[in-house]
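The values are calculated or read from the model by the stated rules, or taken from the named source; none is laboratory data. Since we're looking at a predicted model, the values are computed, not measured. Just so you know, the surface numbers come from the protein's heavy atoms only, side chains and all, with ligands and any DNA or RNA stripped out. Shrake-Rupley method; radii C 1.70, N 1.55, O 1.52, S 1.80 Å.
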Amino acid sequence: MTKDQGHDRVPFTIFLARGTALVLLATAIASVLHHTWFLRKLELANLDALFVLSRSRAVSSIALVEISDDDYKDEKMFGAVSPLKPALVGQIIEAIDAAGGRVIGVDILTTEWPPNSVANLKVRAPVVWVRDLQEIDGTLHLEPIMSGDGEDLCQGPPALQRVDGLVRMYFREVRLPDESTIPSFTSRLGQVAGGLDETCRGRGSLQRSGGQAEPTHYISFIEDSSAFQRFSASAIIAGSQSPEWSRRRLMKDRIVLLGGAYKQARDRYVTPLGEMYGVEILANILDSEMTNRTVKEAGVGVFIIADVLLGFSLIAIAYYVPRPWSLPA
């Protein structure tokens with residue numbers, strides 16, 4: 001071995017001991033920085049880039065029925081009146097059911113609806129209703145549904161979480177002040193689609209949990225919005241008037257999400273892929289859950305192990321490569 005190759009260097013054991021001290025120091029600093037605002041910003045920027053570059057184009061089994069601005073303002077539809085007319089929403093739900101929808105998720109707030117607004121709803125498919133969640137003085141509260149507690153309905157909160165102004169994460173379940181937990185709206189839909197609709201009703205929807213609250217999960221967004229079959233509410237109403245509507249079964253075996261895509265709904269959020277209405281984000285969450293494409297964050301232990309292994313690899317490289325290359329390595 002020539003001088004340039006390092007025969008005059010200290011023994012490897014001493015070099016390794018010094019390097020180990022530096023690696024452990026660097027790992028400790030990195031673990032502390034991992035929780036800082038700056039490093040989290042970098043991590044989220046990388047995650048956003050991953051969403052944009054992945055360009056997932058998988059065809060989903062989810063269909064969207066959206067109440068557009070035109071639907072909301074049309075005098076023959078909702079006539080720009082809030083809350084949305086329960087009878088018309090019920091008619092849309094029945095039309096979705098007649099078209100073969102397997103499960104129907106309704107992302108429409110019903111707090112101000114009269115009691116028993118959907119008592120006469122005639123559908124075969126199970127229906128899951130969204131239930132608003134408000135934070136008051138740091139405590140989460142479930143809002144009423146249809147002027148009542150909604151215990152006879154299958155329901156769940158949307159459970160979206162904003163980070164730095166962007167919606168990137170969601171909860172699979174939400175912890176309430178009484179230490180009970182309730183599955184989120186999309187978790188409910190997934191349960192029902194899997195044949196577990198009996199878990200939706202009565203107090204069985206709330207579960208006691210003495211452990212820590214479930215962490216948030218990153219949403220694996222689908223870049224191509226055409227992956228979801230889409231209909232407007234007016235098209236559904238018009239189509240359902242045809243005698244062939246039930247026979248054509250346009251939504252056969254689909255999980256159908258009904259929600260507002262109009263400005264007055266105030267349900268539009270910024271995401272890494274641009275602005276989306278809440279019903280679109282919920283469709284992305286549900287698709288991610290059902291296809292097991294959720295984005296999971298590695299724990300601190302994984303980061304530390306990776307840093308240590310990388311550090312020792314660099315020590316070996318720095319010792320054995322020629323000197324001009326050891327420092328860059």
For the range 253-270, in residue order, the Karplus 3J(HN,Hα) values (coefficients 6.51, -1.76, 1.60; θ = phi - 60°; whole Hz; Gly and Pro = x) are 6, 8, 8, 10, 9, 10, x, x, 10, 10, 4, 5, 6, 6, 10, 10, 10, 8
By the C-alpha gyration tensor axes a ≥ b ≥ c (rounded if a/c is under 1.5, else prolate when a/b exceeds b/c, else oblate), the shape of the range 58-140 is rounded
Too long for a 20 Å Cα-Cα cut-off, among Lys76/Lys252; Lys73/Lys252; Lys122/Lys252; Lys85/Lys122, are Lys76/Lys252; Lys73/Lys252
dims of the range 209-288, Cα set, principal axes, largest to smallest, nearest Å -> 53, 31, 24
Accessible-area order for Asp70, Asp307, Asp137, largest to smallest, probe 1.4 angstrom, reads Asp137, Asp70, Asp307
Taking Cα atoms only, Rg over Rh for the range 62-195 with Rh from the Kirkwood formula is 0.97
Working note, the range 102-150: Cα radius of gyration (Å, one decimal) and Dmax (Å, whole number) are 12.6, 41
With every protein chain kept in place and a 1.4 Å probe, the range 50-191 has an accessible area per residue in Å² of 44 Å²
Measure of exposure for Leu142: accessible area at 1.4 Å probe, Å² rounded to 10, is 50 Å²
